[in-house]
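Enquirer: Handing you a structure now.
The values are calculated or read from the model by the stated rules, or taken from the named source; none is laboratory data. Everything numeric here is computed off the predicted structure, so don't read it as measured data. We place every Cβ from the backbone using ideal geometry, glycine too, and count neighbours over all the protein chains shown.
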Amino acid sequence: MKNLLRALSGEALDVPPVWLMRQAGRYLPEYRAVRARAGSFLEVCYTPELAEEVTLQPIRRFGFDAAILFADILLVPQALGQGLRFVEGEGPRLDPVGDVVALGRLKPVDEIDEVLGPVYETVARLSRSLPGEVALIGFAGAPWTVASYMVAGRSTPDQGPARAWMYRDPKGFARLIDLITQATVHYLGRQIEAGAEAVKLFDSWAGSLAPEMFTRFAIEPVRQIVAALKVRHRHVPVIGFPRGAGAMYPQFAAATGVAAVALDSAVPLGWARDTMSPSDSPPDSGLESPGVALQGNLDPMLMVTGGAALTETAKGIVAAMRGAPHIFNLGHGITPDANPAHVEQLLRAVRG
Ligand code: CP3
């Protein structure tokens, strides 16, 4: 079995599998060249040959254990009929869906493949072209984070517009979350059928939810997605990333049914291991919890700064997780100012 899938199935490997969030992207000159040729980021996403090529670039250069489909979490709102564009230097802009009237104008879930077809084609191409030991990860945004962009129409520091709707009109907001949940089940199911071997749900803004809302809008939709995928794809592991969940992480791990939880850089690994890794107690002790694999959680800033701090911190993470199922990764995406030479240094530190 591929190393990533072994770790996701609960095995503790001597050398953890490694991949990096946002491993394809602007810190790589070969990515910038493809994007310049394509004209825009979305053109790369919707052109299977180009999306395949940029997915493979970091695999060729660094030999990661996993490739992540090149796409974006905002393709789902676009497929639901919401206008989307990326403004250079500013990020995404969507036509805001701020109430149930706007929600009613969106398309039904069974029409999203008209837009998302090329993404499935990219997955199919990758499952043929990836080296045999490299696992293919599909992904989607988790409903809360996708909703935060759909409602505000852009990145926001505190997801204020979506949180305001949530408290003012909980029923209407729950309808939006349900629509995204259904669309995500469909979208990830199609990615799996096209060849994705694991899928990840990015809840980048989970940290802005108060505990009760976290349970309703970060745990419950993810639980539903995992359960729905398991009906037809029992063997395909789901990685959850409730970034910023803090003390809510263990509840997320226990309640959603995910195989692995991705940790942001603020999470202390000893605590994460104690509260979420499979228990060491004997299976019949009555104390054990099934536990999850843990992924993370190097500070992405170290990919900019490098040096001894990078090597020491990376080795510290490997040591802290030894004996538990672990996938080495960053605590969030690698940034455009990261140095590719530091990625090589990181791989040497992790793989020894
Ligand atoms: O290697 C990979 O991970 C590639 C696939 C990927 C992208 N975005 C490509 C991308 C993945 C998994 C994502 C996820 C994503 N997209 C998230 C969740 C992860 C996270 O970072 O928290 C979010 C919140 C988005 C939404 C998004 N996409 C924003 C806010 C932006 C603009 C900000 C930015 O970083 O530029 C994007 C653009 C984006 N998505 C780029 C890439 C490579 C940069 C686009 C470009 O080339 O200009």
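Enquirer: Quick one: in region 41-78, of everything that is assigned to a loop (DSSP other than H, G, I, E, B) and more than 9 Å from the ligand (Cβ to nearest atom), which residue is surrounded by the fewest Cβ atoms within 10 Å (Cβ to Cβ)?
Expert: My answer is 63.
Enquirer: Can I ask one more? If the Cβ limit is 8 Å and pairs must be 6+ apart or interchain, which residue in region 151-166 that is within 21 Å of residue 87 (Cα to Cα) pairs with which residue that is within 16 Å of the ligand (Cβ to nearest atom) and of a type in the set (Lys, Arg)?
Expert: Short answer, once both residue conditions are applied: 153/93; 154/93.
Enquirer: Within region 200-244, how many residues are part of a loop (DSSP other than H, G, I, E, B), more than 16 Å from the ligand (Cβ to nearest atom) and either within 18 Å of the chain's Cα centre (by Cα) or under 25 Å from residue 1 (Cβ atoms) (or both)?
Expert: Residues in region 200-244 being part of a loop (DSSP other than H, G, I, E, B), more than 16 Å from the ligand (Cβ to nearest atom) and either within 18 Å of the chain's Cα centre (by Cα) or under 25 Å from residue 1 (Cβ atoms) (or both): 5 in total.
Enquirer: Here is a further query. Looking only at region 46-70, how many residues end up being in contact with a strand residue (DSSP E or B) (Cβ under 7 Å, 6 or more places away or on another chain) and small (Gly, Ala, Ser)?
Expert: Matching residues across region 46-70 total 2.
Enquirer: What are the pairs with Cβ atoms under 8 angstrom where one residue, in region 27-40, is within 11 Å of the ligand (Cβ to nearest atom) and the other, located anywhere, is basic (Lys, Arg)? Sequence gap at least six, or different chains.
Expert: Once the first residue is within 11 Å of the ligand (Cβ to nearest atom) and sits in region 27-40, its partners that are basic (Lys, Arg) give 28/61; 32/26; 35/26.
Enquirer: In region 314-352, how many are surrounded by fewer than 16 Cβ atoms within 10 Å (Cβ to Cβ) and without any contact (Cβ under 8 Å) to a residue 40 or more places away in the chain?
Expert: Residues that pass the stated criteria total 5.
Enquirer: Then there's this: Looking at 36, 67 in this structure, which one is of a type in the set (Gly, Ala, Ser), farther than 22 Å from residue 113 by Cα and touching a helix residue (DSSP H, G or I) at 6+ places or on another chain (Cβ under 6 Å)?
Expert: None of the other options fit; the residue is 67.
Enquirer: Further question on the same structure: Yes or no: region 5-12 includes at least one residue that is surrounded by fewer than 21 Cβ atoms within 10 Å (Cβ to Cβ), part of a loop (DSSP other than H, G, I, E, B) and within 16 Å of the ligand (Cβ to nearest atom).
Expert: no
Enquirer: Just for helices (runs of 4 or more DSSP H) wholly inside region 79-189: which have at least 1 residues that are exposed (fewer than 14 other Cβ atoms within 10 Å of the Cβ) and at pLDDT 95 or above?
Expert: 100-104, 113-129, 160-168
Enquirer: Sticking with this structure for a sec: In region 274-308, what residues are modelled with pLDDT of 95 or more and part of a loop (DSSP other than H, G, I, E, B)?
Expert: Result: 277, 278, 291, 292, 299, 300, 301, 306.
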